[in-house]
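Contents: one structure, followed by commentary.
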Amino acid sequence: MEIKIVKDYQAVSELAASEIESLMNSKEEVVLGLATGSTPVGLYKELVKMYQQEKLDFSKTTTVNLDEYVGLKGSHPQSYRYFMNDLLFNHINIDLKNTHLPDGASENPQQAAVDYEEELSKLETIDLQILGIGTNGHIAFNEPDDRLSLSTHVVNLLPSTIEDNARFFESIDEVPKTAITMGVGSIMKAQRIIVLVSGKSKAPIVAQLMDDYVSTQLPASLLKFHPRVLLIIDEDAASLL
Ligand code: GLP
């Protein structure tokens with residue numbers, strides 16, 4: 001894994017945006033893998049700014065998102081569909097038909113997971129996958145476990161994840177207990193992966209990630225097997241290195 005330590009959150013966002021800009025300038029039809037959570041918000045602000053400055057054109061861009069809560073419709077403010085529309089898609093010239101997320105509102109989430117994997121398999125590739133990392137080391141919603149699924153699946157969220165994400169909901173009881181997530185195999189198929197990490201709360205997991213081991217109990221450690229991973233870390237998240 002290539003590691004870049006930058007000053008702060010803004011620098012993480014700007015560096016990630018410039019990597020996306022270089023990719024989009026080098027290829028006409030790009031498939032971007034996108035993430036939610038608070039970490040990529042600054043990146044999406046930068047992309048919107050670049051679009052407004054006519055530096056980026058998303059008319060031929062396709063996006064795939066990592067995950068979605070089970071039971072939330074796209075109109076729910078805490079759904080990841082709403083998040084993506086609100087923070088990025090509604091502000092750029094992307095065709096919403098080319099933006100893919102698992103269908104969390106499906107009455108049959110298991111089938112929705114299979115359908116999403118099929119949608120992914122129809123794409124030629126994911127050129128660049130953006131990832132955040134959970135304080136417990138999860139990527140997308142692949143929670144630490146004895147074994148991990150390769151393809152898109154329904155997952156039970158761990159109590160630590162429900163607690164971490166409760167800040168977005170009115171109460172912890174409203175946080176969905178399950179989600180549909182791309183598997184580690186689907187994520188690892190991306191040509192390139194950029195992981196964004198910011199803030200002191202991520203310092204312990206970043207420190208763990210730097211040892212010489214991989215473990216399904218630390219799902220982000222599996223990224224060490226991927227040949228093209230860039231970790232962009234701010235000084236706070238790197239403070240225990
Ligand atoms: C959620 C998402 C992950 C994200 C993680 C970290 O659980 N499913 O994709 O990486 O949160 O979120 P944050 O960036 O808010 O710390």
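What follows is calculated from the coordinates using simple rules that are stated; it is not laboratory data. Every value quoted in this text rests on a predicted model; they were computed, and no experiment measured them. Every residue, glycine as well, gets a Cβ built from its backbone with ideal geometry; the counts of neighbours run over all protein chains shown.
What the table shows:
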{"item": "Amide H contacts under 5 Å for Ser215, placed H, 5+ residues apart", "result": "Ser221, Leu222"}
{"item": "Cα centroid separation - region 33-84 against region 96-157, whole Å", "result": "15 Å"}
{"item": "28 Å Cα-Cα reach of Lys224 towards lysines, excluding residues that sit fewer than 8 places from it in its own chain", "result": "Lys4, Lys7, Lys27, Lys122, Lys189, Lys200, Lys202"}
{"item": "Built amide H within the under 5 Å cut-off of Thr178, gap 5+", "result": "Val70, Leu157"}
{"item": "Kirkwood hydrodynamic radius of region 2-80, from inverse mean 1/r over distinct Cα pairs, in Å", "result": "14.1 Å"}
{"item": "Cα gyration tensor shape of the chain, rounded if a/c is under 1.5, else prolate or oblate by comparing a/b with b/c", "result": "rounded"}
{"item": "Longest exposed-site-free window of the chain, the sites being GluC sites (Glu not before Pro) in a DSSP loop that have at most 11 other C-beta atoms within 10 Å", "result": "171-241"}
{"item": "Label-zone membership for region 92-108, site Glu119, 7 angstrom Cα→C-beta point, backbone N under 15 Å", "result": "95-108"}
{"item": "Distance in nm between pseudo-label sites at Ser26 and Glu170 (7 Å out along the Cβ direction from Cα)", "result": "4.8 nm"}
{"item": "Mean separation of Cα contacts under 8 Å (6+ apart) over length of region 187-231, as relative contact order %", "result": "55 percent"}
{"item": "Per-residue ³J(HN,Hα) for region 82-91, Karplus 6.51 cos²θ - 1.76 cosθ + 1.60, θ = phi - 60°, Hz, x for Gly and Pro", "result": "4, 3, 5, 4, 5, 9, 9, 4, 6, 10"}
{"item": "For the chain, built as a Gaussian network whose Cα springs stay under 10 Å, the top-fluctuating residue of Ser160, Ser149, Ser13", "result": "Ser160"}
